[in-house]
1. Tell me the net charge near ARG184. Cut-off is 12 Å between Cβ atoms, ARG184 excluded, with +1 for each Lys or Arg and -1 for each Asp or Glu.
2. For a quick size check, give me the Cα extents of the range 73-178 along its three principal axes, largest first, whole Å.
3. Could you tell me whether the range 27-66 comes out rounded, prolate or oblate from its Cα gyration tensor? Rule is a ≥ b ≥ c as square roots of the eigenvalues, rounded for a/c under 1.5, then prolate if a/b exceeds b/c, otherwise oblate.
4. For the chain, with all protein chains present and a 1.4 Å probe, just round the carbon and sulfur fraction of the accessible area to a whole percent.
5. Mind grabbing the accessible area of ASP31 for me, 1.4 Å probe, Å², rounded to tens?
6. Pairs of Cα atoms under 8 Å, at least six residues apart: use those to get the relative contact order of the chain, whole percent.
7. Need one number: nm distance between label points at GLU148 and ALA75, each 7 Å from Cα along Cα→Cβ, rounded to one decimal.
8. When ligands, DNA and RNA are left out and all protein chains stay put, how many square angstrom of accessible area per residue does the range 92-190 have with a 1.4 Å probe?
Amino acid sequence: QDRSARRYRSGLRRYRLHRIDDQTELVARFDADFRLVFSNAANARAVFGREPEEVLGTDLFASIPEPLHEGLRAALLALTPGRPVHFAANEKVLANGEVRWFEWANRALFDAEGRLTGYQAVGRDVTEQHRAEEALKASEARLAAFMEHAPVGMYLKDLDGRYEMLNPETGRVFGRPAEEMLGRRPEDAF
């Protein structure tokens, strides 16, 4: 019976590891000294460009830009059994020099007496989302600059005819501050 229990626990550990290893999320565990003790395949390949067994022992901060080290270290060391999770988003420089963005849920791990035993990080690559957000910001900035400096009155209305955006020249043409017309229909504004 003792042998059966050991086989069951061993099989359960293998099942759990394989289940984690098959995840597309990035999963890593670090000891209390921030050394990697487990990495699933997704994490090892995305962050280090290597296989899991090749990255064991790597320092957590090895692939994080230097300016972020102090803040992340302080945030992780501040975790307690009552507040064990820290969420972060950061860029990582991959082994090939490519910069990618990741979101992380970092959890401190404690033993039964409340002593820190390590950390677990679960992340996902949000590079494409980050790039789309940056492109949107740049596009909005270009539109705002165009509207601000256009030599003619320009405005945008919603489907109900309310002004959504007006440039300063429109305000001069209508003889009132453009801000007063925002959200209003022409018949309400004049």
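1. My count for the surroundings of ARG184 gives -3.
2. Principal extents (largest minus smallest coordinate, Cα): 72, 37, 26 Å.
3. Note, shape of the range 27-66 comes out oblate.
4. Ligands and nucleic acids excluded, carbon and sulfur give 53 percent.
5. ASP31 exposes around 50 Å² with every protein chain in place.
6. Relative contact order here is 14 percent.
7. Label-label distance for GLU148 and ALA75, simple model: 3.1 nm.
8. 65 Å²
The values are calculated or read from the model by the stated rules, or taken from the named source; none is laboratory data. These numbers were taken from a predicted model, which means no experiment stands behind them. As a convention, Cβ positions derive from the backbone with ideal geometry for all residues, glycine included, and neighbour counts pool all protein chains shown. We work out accessible area using only protein heavy atoms, side chains counted, and drop any ligands, DNA or RNA first. Shrake-Rupley method; radii C 1.70, N 1.55, O 1.52, S 1.80 Å.
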